[in-house]
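Trainee: Could you have a look at this structure, given as structure tokens, before my questions?
The values are calculated or read from the model by the stated rules, or taken from the named source; none is laboratory data. All of these numbers come straight from a predicted model, not from anything done at the bench. A quick note on method: Cβ atoms are made from the backbone with ideal geometry, for glycine too, and the neighbour counts reach across all protein chains shown. With ligands, DNA and RNA removed, areas are computed over all heavy atoms of the protein, side chains included. Shrake-Rupley method; radii C 1.70, N 1.55, O 1.52, S 1.80 Å.
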Amino acid sequence: MTDSMDGKKLVIIGGSSGIGRQIAADAVAAGATVIIAGRDTGALGTAQTILGDHVRTARVDLGAEESIRRLAEQIGDVDYLVSVAAAHANGPVTELGRAAVARAFDAKVIGPILLAKHFAPRIREDGAILLFSGVAAWRPAPGRAVMATTNGAVSFLAEALAVELAPIRVNALSPGIVDSGAWDAMAAKDRFFADVAAANPARRVGLPADISAAALLALTNPFLTGTTLHVDGGGRLT
């Protein structure tokens, strides 16, 4: 795997922190040229500082098709496209606002469809698209209806795109609970992680490196398409 991405061009949407930044770092180590794109210019600047000159950054708004079109034109031909973007709309269904729900679908479903629209003609032979689902789709919980629905839709979208865009390979990756920094503001983070580790078959929470390794596999394996990789420690089974 260390040289399987040598000379390849990878675009990561929403890759300025956590899992996305780990994928960027590992892809660079494997020889790829990486472009990280996102809406938050401050986060992009931080990623650039951490990863250095090995990556480029660009701005994109998944809620605006014109922004996606411009990004595709700016970047040109690519080998791999990954979208880890997410916008949460959590809370009781009776209290959800439409704007928050729409942003969640823009990030996880509508945006990736438009990414496929504008990038598919630019993906080189043996190229691949990887979308990010999540364990919430298989373990719905009160207050997580939108998260469960968008993540589930990603899995079906990967199957549909794998058929329509063939021979471009399209897969989804569904992480479980990962110590990616997203949970750092939780007051009882350590207790929560301990409970998760005790309950799932792997007896641990995930690390960004666990997810990144699976992402690079999905991108580079030439016989893998239309599949959702569950990298969740077995969490969806508990």
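Trainee: Can you find a residue that is touching a residue at least 40 places away in the same chain (Cβ under 8 Å), part of a loop (DSSP other than H, G, I, E, B), within 28 Å of ALA136 (Cα to Cα) and open to solvent by 30 Å² or more (accessible area, probe 1.4 Å) anywhere in the range 47-67?
Mentor: Yes, the range 47-67 has at least one match.
Trainee: I would also like to ask the following. Kindly indicate the residue of the range 219-237 that is in contact (Cβ under 8 Å) with a residue 60 or more places away in the chain and out of contact with any Ser or Thr (no Cβ under 8 Å at 6 or more places or on another chain) and also farthest from SER155 (Cα to Cα) among those meeting that condition.
Mentor: Selected residue: PRO222.
Trainee: Name the residues in the range 6-46 that are under 15 Å from the mean Cα position of the chain (by Cα) and in a strand (DSSP E or B), would you?
Mentor: Hits for the range 6-46 are LEU10, VAL11, ILE12, ILE13, VAL34, ILE35, ILE36, ALA37, GLY38.
Trainee: If you take the residues in the range 152-192 that are within 20 Å of the chain's Cα centre (by Cα) and aromatic (Phe, Trp, Tyr), which one is nearest to ARG124 (Cα to Cα)?
Mentor: Top of the filtered list is PHE156.
Trainee: State whether the residues of the range 121-128 include one that is closer than 26 Å to ARG69 by Cα, in contact with a helix residue (DSSP H, G or I) (Cβ under 8 Å, 6 or more places away or on another chain) and open to solvent by less than 10 Å² (accessible area, probe 1.4 Å).
Mentor: Among the residues of the range 121-128, at least one is closer than 26 Å to ARG69 by Cα, in contact with a helix residue (DSSP H, G or I) (Cβ under 8 Å, 6 or more places away or on another chain) and open to solvent by less than 10 Å² (accessible area, probe 1.4 Å), which makes the answer yes.
Trainee: Out of the residues in the range 176-196 that are under 21 Å from SER212 (Cβ atoms) and loosely packed, with under 13 Cβ neighbours inside 10 Å, state the one that is modelled with the highest pLDDT.
Mentor: Taking the candidates together, the pick is ASP184.
Trainee: If you don't mind, another one. With respect to ALA213, is the statement that it is open to solvent by 40 Å² or more (accessible area, probe 1.4 Å) and in contact with a strand residue (DSSP E or B) (Cβ under 9 Å, 6 or more places away or on another chain) true?
Mentor: Spelling it out, ALA213 is indeed open to solvent by 40 Å² or more (accessible area, probe 1.4 Å) and in contact with a strand residue (DSSP E or B) (Cβ under 9 Å, 6 or more places away or on another chain).
Trainee: Here's a follow-up. Can you pull out every residue in the range 205-225 that is part of a helix (DSSP H, G or I) and either touching a Leu at 6+ places or on another chain (Cβ under 8 Å) or acidic (Asp, Glu) (or both)?
Mentor: Those that are part of a helix (DSSP H, G or I) and either touching a Leu at 6+ places or on another chain (Cβ under 8 Å) or acidic (Asp, Glu) (or both): ASP210, ILE211, ALA214, ALA215, LEU217, ALA218, LEU219.
Trainee: Working only within the range 87-114, note down all residues that are crowded, with 18+ Cβ neighbours inside 10 Å, small (Gly, Ala, Ser) and more than 18 Å from ALA162 (Cα to Cα).
Mentor: Selection gives ALA87, ALA89, ALA104, ALA107.
Trainee: Is there a residue being assigned to a loop (DSSP other than H, G, I, E, B) and closer than 23 Å to LYS108 by Cβ anywhere in the range 189-204?
Mentor: no
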